Each structure stands twice: as structure tokens, then as C-alpha cells.
Amino acid sequence: MVGQRPLKPLIGVRIPVGQQNMNEFENENIFVGPSQIEGLGVFAKRNFVKGETVLRWNPKALTEQEFKNIPPEQKRYLFKLENGINVLMQSPEKFVNSSDSPNTHTVGQSDVAIRDIKVGEEITSNYPLGD
């Protein structure tokens, strides 16, 4: 779905149970905050141009046993890579919401802008929604 950078806390964000460490989800390019689409979302802190990598994923590869034991509230963050490996998306990439008119698409393990994205705009993708 990110390199380590100095992080700033997000102030005034209502954080769902189990997601209290929001300050770790911000860098000079993006931040996580309340979304009008659903729950939390990822937002641009700067302008991105078409073709630019917006977010690099840092998913956790799961063993078959770990995959079977994922708690129900975490299942929405599961993703199968092209090589068939099941991964658990990490923050901040797990907060990228799906959209019928996305502004990014997946290239490898990154979200890449398919059009220019303005500061403050929510980063969205068009990924299949599971049951």
C-alpha cells in the first residue's frame, strides 16, 4: 500500500475504536481524516499530477494461519496480491476509500494518480468490495 517520516498529530479527529494512533498516519504528502465517503479517508496535503505515485503500500504478508484468524473487524483490510499472497493493508493505505470515479489506480503496491489531485482532496481508488 510508506517511508518513515517525521509525523504530526491530527487534532480534532474522531477515531474509531482500535485506531487511536492517528498521528502516525500523516506525512508531508498525505493525512488521514474523517471522510464523507465512509469512516476515515486519506487526503492530499499537496497537489499531485497525473502519473505521480501518491501512496506506497506497506502491507503485512500473512501466513495461511494468520489469514484464517483475522478478526472480523480487520477483514475489510485484506487484499490478495497478483502473486496470490494474502496481505493485511496497513495504515495509511488501509484508509483509501473506494469510489466509482477514483483519482488513483493500483500499480504494483502503490496508488498512482490517474488525474491531477488537489490539496485537501480525498485519495480514492476503485477496488472490489468484499462481502
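Each reported figure results from applying straightforward, stated rules to the coordinates on display, with no laboratory input. Computed from a predicted model, the values in this text were never measured in an experiment. Note that each Cβ is placed from the backbone with ideal geometry, even for glycine, and that neighbours are counted across all protein chains shown.
Observations on the structure shown:
- If only the Cβ of Lys and Arg carry +1 and only the Cβ of Asp and Glu carry -1, the dipole of segment 22-125 around its Cα centre is close to 100 debye.
- If you look at the Cα atoms of segment 38-131, you get an Rg and a Dmax of 13.7, 41 Å.
- With 29 Å as the limit on Cα-Cα distance, the pairs of Lys50/Lys80; Lys45/Lys68; Lys50/Lys75; Lys75/Lys118 that go past it are Lys45/Lys68; Lys50/Lys75; Lys75/Lys118.
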